[in-house]
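The values are calculated or read from the model by the stated rules, or taken from the named source; none is laboratory data. Quick caveat: nothing in here was measured; it's all calculated off a predicted structure. When we count neighbours, we look across all protein chains shown, and the Cβ atoms used for this are built from the backbone with ideal geometry, even at glycine.
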Amino acid sequence: MADSPVTINSPGGQSAPANPEPSPQEQKQMEQAYAQMKRKMSMEEIGRKIKHKIMVLSGKGGVGKSTVSTGLALSLAQQGHRVGILDIDITGPNVPKMMGLDGRRLHVENKRIHPAEGHMGVKVISMAFLLEDEDTPVVWRGPIKLGAIQQFIGDVEWGELDYLVIDFPPGTSDEPLTVAQSLPDIDGMVIVTTPQQVALLDSRKSITFSESLKVPVLGVVENMSGFTVNGTTAPGTTLNIAAPGGKTLTTTADDDGRFAVTLDIFKQGGGQATADEFGVPFLGALPFDPGFVRGGDDGVHRIVSEPDGPSAQAFANVVEAIQNQLSDGADGSLEIV
Amino acid sequence: MRDALPTLKKLERRANDMVLSYDDDTTFTVTYDDVRHACPCAKCSPMRNEDDTSRTLRRQIEALPAEKPTVRTVGKYALSFEWQHGCSSGIYRFERIHDLANRRDPDRGKPYVHGAW
């Protein structure tokens, strides 16, 4: 082993050649270190191949984060971009169901995981693809979860993408921390909230969390913002509708007898208020649309079933606001000398 | 809801401090040591929770060589400071910078727990 670059320093100060036959334990450690190094290099390469990486977070569960993630991905794909979704919600992965990929298995070739392709060619990676059945819970402690996330980032063959949307479980836990530390050049976070106080309180946590991770906040999206009731009656009829909070909304049917009233089921304007309070952008409000629930269950997202509908338009507005944030590094008025 | 924040118009970097000029015609000087001590990153923030660890953080910062940072805007709402030595991880919202300028506690007296104040 005279040519070996590896030497072992003996206690006497003399160098001895490395043991040509490492013990099985040493061999295993070397293999693990090599695999780790390879994965790190792979993550850096993936970082270069994906133009924009967007994290979607919420402080609270049940605000429709996965619906927003899939909606953003589909809306971006609608614009002709190459898009992927990484579903990091290991314990409750439901992006595949929403993308019509329920029951699909992942294809592995040359030790690389190939994502499944959902609606509009959106590539999807999710823990759900690895579960034997959807009723099996994933009970993993931190280090195992961390390893799985790193594998989902480093061992996936995404190819060239314009956007990667990363869907997280609710809260400020290990997952966003691991992704922020593993994946280089993340563009920022989209914080999803609903208008009620408790969700807003947790959103504020997500915003301060972003400062800790050095990942900019692209903005706040208010989901379930208002439910619009449409109907028809005799033209010119004035209707009084009992709304939440003891309010009465009044509307008049148009010449064709059509009327529409928006009910603010979870209050109104909280997302904007949170964004204002923290000085981060407000990206827009998404309507309370029962079609999202049906679409989620049926695997046909609202943007797919009704690509020109009001919900798809609301998503397009949010996407445009995100793209404005990505293109604008600053407001241009600050002079730094 | 906090008071409306004036817009930072100019940040002049000097050897040991920076001069901040706002659109309400107010001007402030903030030392780089104060900026570093108020770093909002997950590593520095918990150190400010207790007086003794906060003092340790301050001493660590004061032991660093004096240097002028590279300052960048983050989106339209914050600044980042890149240093040759020490921590460059935090994103400083303009509000935080304004608190520092006005000698207010940017953590607003709240301890940093699990990634947030």
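Structure summary
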quantity: Options B:Leu79, B:Leu57, B:Leu64; residue that is within 15 Å of the chain's Cα centre (by Cα), of a type in the set (A, V, I, L, M, F, W, C) and more than 14 Å from chain A (Cβ to nearest Cβ); calculated: B:Leu57
quantity: Restricting region B:44-54 to residues that are touching a residue at least 40 places away in the same chain (Cβ under 8 Å) and assigned to a helix (DSSP H, G or I), the residue that is farthest from the other protein chains (Cβ to nearest Cβ); calculated: B:Arg48
quantity: Lone qualifier among B:Arg104, B:Arg93 - being under 28 Å from A:Pro281 (Cβ atoms), more than 8 Å from chain A (Cβ to nearest Cβ) and among the basic types (Lys, Arg); calculated: B:Arg104
quantity: Subset of region B:49-88 (residues that are more than 18 Å from B:Asp105 (Cα to Cα), among the acidic types (Asp, Glu) and modelled with pLDDT under 90); calculated: B:Glu82
quantity: Criterion (modelled with pLDDT under 80 and more than 14 Å from chain B (Cβ to nearest Cβ)) met by exactly one of A:Gly284, A:Gly271, A:Gly257, A:Gly279; calculated: A:Gly271
quantity: Residue ID - farthest from A:Ser42 (Cα to Cα), chosen from residues in region A:157-187 that are in contact with a Pro (Cβ under 7 Å, 6 or more places away or on another chain) and assigned to a loop (DSSP other than H, G, I, E, B); calculated: A:Phe168
quantity: Candidates A:Pro235, A:Pro216, filtered to the one that is facing chain B (nearest Cβ under 8 Å) and either modelled with pLDDT of 75 or more or farther than 26 Å from B:Lys43 by Cβ (or both); calculated: A:Pro216
quantity: Test for A:Gln313: is it at pLDDT 70 or above and either closer than 19 Å to A:Pro195 by Cα or within 14 Å of chain B (Cβ to nearest Cβ) (or both); calculated: no
quantity: Residues being more than 9 Å from chain A (Cβ to nearest Cβ), over 14 Å from the mean Cα position of the chain (by Cα) and either modelled with pLDDT of 95 or more or surrounded by 15 or more Cβ atoms within 10 Å (Cβ to Cβ) (or both) - total across region B:8-23; calculated: 1
quantity: One residue from A:Lys49, A:Lys60 being over 22 Å from A:Ala148 (Cα atoms) and either charged (D, E, K, R) or at pLDDT 80 or above (or both); calculated: A:Lys60
